[in-house]
Amino acid sequence: MSPSKKKVVKTQRLSTYAVDLNTRILEAGAHLDVVFETKQGVIGAHRCILASASGALKSLVEDKTSPMPMDMSLPALRAFLKLVYTKQYEKVCIQENGLEVLAACVKYDLPSLVRVCVPILCKSINVDNCLAYAEAAAMYDDDLYRISSRFVCKHFDEVVMTDAYQDLTCRKPNLAVALVRGTVKHKWSRFCCARF
């Protein structure tokens with residue numbers, strides 16, 4: 001085995017070891033030195049791990065007293081912390097709390113974790129959540145916006161009849177107009193291609 005292949009094998013083993021170790025550290029809850037408070041409860045974390053993940057997280061936890069209020073749900077915060085500690089996730093947690101986790105990844109400048117969240121969210125788009133995804137994606141991620149708006153185009157007749165669409169037209173009329181324009185453009189191009 002060449003030396004470069006040995007390094008790759010060792011790196012992969014070390015990476016697996018580090019993920020397992022960080023998972024155990026997070027789940028054990030020992031030596032916690034920062035506590036986050038949500039409306040549903042509190043959860044602890046380790047200042048050194050969070051501070052090393054990004055400058056924004058470092059600013060959040062450095063020299064702060066606990067508990068620190070967080071503007072996310074407890075399940076979303078758990079999923080976010082697991083992602084920060086291990087770069088791993090439970091698919092169900094991301095599907096259920098993905099927009100909150102994605103927002104936290106963007107807010108705390110964790111682009112590699114954004115790239116972990118987006119594909120999962122893209123696979124879980126449906127009529128009930130596509131507008132929420134498009135709204136969040138308009139702020140956070142171009143790929144998710146492109147995929148969610150394409151979904152809206154394909155299912156526009158169903159989507160436009162939902163309460164969520166009515167709500168979106170009141171709260172974010174520019175986004176609602178952009179989605180309608182995208183749908184018209186999509187349907188018009190299909191009509192023109194079929195006709196000529």
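Under a point spin-label approximation (7 Å from Cα along Cα-to-Cβ), what is the ALA164-VAL42 distance to one decimal in nm?
Reported label-point gap for ALA164 and VAL42 is 3.5 nm.
Among PHE36, PHE80, PHE151, what is the fewest-to-most ranking by other Cβ atoms within 10 Å?
Least to most surrounded, the residues fall as PHE151, PHE36, PHE80.
With θ set to phi - 60°, apply the Karplus curve 6.51 cos²θ - 1.76 cosθ + 1.60 along segment 126-141 and write out the HN-Hα couplings as whole Hz, x wherever there is a Gly or Pro.
In residue order, the calculated couplings are 8, 4, 6, 10, 4, 6, 5, 5, 4, 5, 5, 5, 4, 8, 10, 8 Hz.
Return the long-range amide H neighbours of MET68 (sequence gap of 5 or more, or a different chain), with a cut-off of under 5 Å between placed amide H atoms.
VAL35, PHE36, GLU37
Which order results if ARG24, ARG146 are arranged by neighbouring Cβ count within 10 Å, fewest first?
ARG24, ARG146
Sort ILE25, ILE43 by Cβ crowding within 10 Å, fewest neighbours at the top.
Ordered by Cβ neighbours within 10 Å, fewest first: ILE25, ILE43.
If you project the alpha carbons of the chain onto their three principal axes, what span does each projection cover, largest first, in Å?
Rounded to whole Å, the extents work out to 64, 52, 26 Å.
Hey, could you grab the Kirkwood Rh for segment 114-157? Inverse mean 1/r over distinct alpha carbon pairs, Å, one decimal.
For segment 114-157, the Kirkwood estimate is 10.1 Å.
I need the phi-derived Karplus couplings for segment 170-180: 6.51 cos²θ - 1.76 cosθ + 1.60, θ = phi - 60°, integer Hz, Gly and Pro marked x.
The phi angles translate into 7, 7, 9, x, 5, 5, 4, 5, 4, 5, 5 Hz.
Only the coordinates and a few stated rules stand behind these numbers; no lab work does. Computed from a prediction, not measured in an experiment: that's the story for all the values here. So basically every Cβ, Gly included, is an ideal-geometry build from the backbone, and we count neighbours across all protein chains shown.
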